[in-house]
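Here the structure is laid out as structure tokens; the discussion comes afterwards.
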Amino acid sequence: MRLTTLIAAIVVIGLGYWAYHQTIQTQMADRQVDRLQRQIAAEHERLGVLRAEWAYLNRPDRLRELAMFNFERLGLLPLAPDQFGDVAQIPFPPPEPEEVAPELLQGTSSLPEGEIEPL
């Protein structure tokens, strides 16, 4: 009877240690999730600031002033309607031919020509 009591006590102590260890790991994972969520929120805020700066720097009036200021130094040409083209003038590469699967080429049907093979 004392042996079973000793084994039961050891099992209870072991399970208590395991439960405590799992609690600590859960708390650490929870802290890490909180930290990552704070980092994500900070990056979203930073991204919003960068988008606002980009919109501010790309204002048409500001870009026009920069272009006029640096017109001669950059060797820019004034815009003219004949500088724009049509989409039809773009030399697109020809489409690549579709490849047929090798198993379809090898598996010839024994049906007479013109008949459709059932699914």
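The values are calculated or read from the model by the stated rules, or taken from the named source; none is laboratory data. Being a predicted model, the structure only gives us computed values, none of them experimental. The accessibility values were calculated without ligands, DNA or RNA, using every heavy atom of the protein model including side chains. Shrake-Rupley method; radii C 1.70, N 1.55, O 1.52, S 1.80 Å.
In this structure H21 has an accessible area near 80 Å², from a 1.4 Å probe over the protein heavy atoms. The heavy atoms of M68 offer some 130 square angstrom of accessible surface to a 1.4 angstrom probe.
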